[in-house]
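Here is the structure we will look at.
Please treat every number below as a calculation from the coordinates, not as lab data. Quantities reported herein were computed from a predicted structural model and do not represent experimental measurements. Methodologically, a virtual Cβ is constructed for each residue, glycine included, from the backbone with ideal geometry; neighbour enumeration extends over all protein chains shown.
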Amino acid sequence: MCKTWFITVMLLLAVAILNPLMGQDTEEAKLQAIGEKYRYQSFSFDPVYATEMGDYSPEYMYYPGYSKRSLKKQAAALKSIQKQLRKIKQEKLSIDSRIDYLLLQGNIRTNLLFLERSLLIRDNPKLFSSTAINGIYYLLISPSLSDSLKLEYILSRLTDLPRFLTSARKSLKAPPLLWILLSEKETETSLAFFNEVATHFTSQFPARQVEIEAAFTEVATALEGFIDLLDVLKLEEHKSFAFGKENYNRLLREEHFLDFDADSLLHLGEIWLERAMTKYDSVKAICDTLPLTNGPTCFIPRSFSRADILDYFQWEINQSRSWVQESHFAAVPPDIGDCIPVETPKFLRNIIGGIAYQPPGPFEPVQTGLFYVRPLPDSLDETSRSAFFRYAVKRGFKGSTVHEAYPGHHLQIQLANRHSSPIRRLQHNNMGMEGWALYCEETVYEHGFYGDDPRTYLGILGGVLFRAARIVVDVKLHTGQFTYQEAVDWMAAKLDASVGFIEIEVSRYTLNPTQPISYLVGKNLILEIHDLYRSRQGDAYSPQAFHDMLLGNRSIPPVLIYKKLAGEI
């Protein structure tokens, strides 16, 4: 009797213990299944995005549709997924799965905002020209596809390109004039790009020359037709590119999980800008008292070439990686993918004025990142050769390497791409990524990577000043307080910067609401996370442990990491 009673009690206890765990497993499995539905729907709607993410399934080798019907259909599909997501019992999820839930919810809400209320998808010629090029470019740069497979996929996608460009006639009604001009410049550049791609593949596969040339000739005709359409659109009425205050506020909440609005953000940006200027001027006053350092006279080799410059950049990337490991700044897996310096592609130069990074997609089998550097002259005369060589031997490039490669974007995204959760792997939140990269710029200086010359620190402060100005410009552009020209004039004057460079910057801001704010807002949020983490760890705190914890959460909004640490998820 006692034995039977004991067994019954133990079974009941086991059921009581296992039921919640089984419920948790069931809810987490449901969540990941919904996440897969979302990924499939996103990739089907925009197969070029699928390629960027490293999914080269043959079913995605076409161009998207941006007609009203397509946008409406995609919105309906996302709302259906959203409805399924609401049925998940969040209380039965682990903390990290709850974060995945919030991320997926934020992704859907953000996409619906763009689909239903933003010109960026509904009336944007730049979307057509960029997608046309990227549909081929992302295939071209894949390190895992063979040339023969690249050719098959490119030809498959090219057959759909005329249809895609022709569809712009129905989709584009009254786009902002600035976007028309940017698209026109990009499309004109793309003609040379497509010609180079055709030449590359005809040399690789001469037996298929006629087929390749015919496909690219048809594409060239379609591109010229698209340029004709842009000429017509220039003469018509134009809408404003401003995202709108209400939409901007929603983006702050739903993509970045911030609890303040555009007005509060603008106020913060102005305060941070004033502080950055004060600190910059203070350090500059000290630097002005230091003796000039022209550096030792050095022999300029006559053979220093464009290839040597790219080799130098690779050396600098490798040096940064070694320092991150040896200084115990953060853990670097031994099998992490390469980061390779290349010149910025011609079709991107009207929106990328400086250094940039092209990450491998999270589903790309070979994890190689591309480190874009400024265009280099075809041949170096004596003056240019001297300037580039002195630039290299002075190692003045470190700040950008830290931001774009180690311990910045490349390291963070490589780790994010390894996450076990497909939902988490899809996250590339700008505030998480750009905030981390900017945080690294100053923190590595504090850890001694740059040495102790205050002139180096002045350069870092200049970067903070620039990012603070971006906040003011971004908010004012998208809430209608600045026109494009007013933003350019204000920013160029405030930063005493090249007007040409600022024009490229502000052009990009008009196409990416809240991206320009992500650097400094993200960095300051990371500093808040650091303070909370340090207070919780006490004597057990170490910088590497903090950085590994931060990177372990992957490229997600910093607010969610703070809430997780504070026990608020």
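Site pair Ala29 and Glu213 shows an inter-label distance of 5.8 nm when each label is modelled 7 Å from Cα along Cα→Cβ. For Glu59 and Ser303, the difference between the fully extended length at 0.36 nm per residue and the C-alpha to C-alpha distance is 83.0 nm. Tell me, what is the FRET efficiency for Ile336 and Ser94 to the nearest 0.05, using R0 = 22 angstrom and their Cβ-Cβ distance as r? That gives a FRET efficiency of 0.20.
Ranking of Ser70, Ser171, Ser183 by neighbouring Cβ atoms within 10 Å, starting from the fewest: Ser70, Ser171, Ser183. Cβ-to-Cβ counts within 10 Å put Met277, Met433 in ascending order as Met277, Met433, the fewest first. Here Asp453 and Gln325 are evaluated by their C-beta separation; at R0 = 22 Å the FRET efficiency comes out at 0.40.
If R0 is 22 Å, what FRET efficiency do you get for His267 and Glu486 from their C-beta distance, rounded to 0.05? After rounding, the FRET efficiency stands at 0.70. Residue exposure proxy: Thr514, Thr383, Thr189, ordered by other Cβ atoms within 10 angstrom of their Cβ from fewest to most, comes out as Thr383, Thr189, Thr514.
Packing-based ranking of 92-104, 315-327 yields 92-104, 315-327, ordered from highest to lowest mean Cβ neighbour count within 10 Å. For the pair Leu149 and Thr383, the difference between a 0.36 nm per residue extended length and the Cα-Cα distance amounts to 79.9 nm.
Summing Cβ point charges (Lys, Arg +1; Asp, Glu -1) relative to the Cα centre of the chain gives a dipole of roughly 1700 debye. The Cβ shell under 12 Å around Phe43 holds other residues with a net charge of -3, Lys and Arg each +1, Asp and Glu each -1. Dividing the helix sum by the residues of the chain, where each DSSP H run of 4 or more adds -39500 (n - 2.57), gives a mean residue ellipticity at 222 nm of -22000 deg cm²/dmol.
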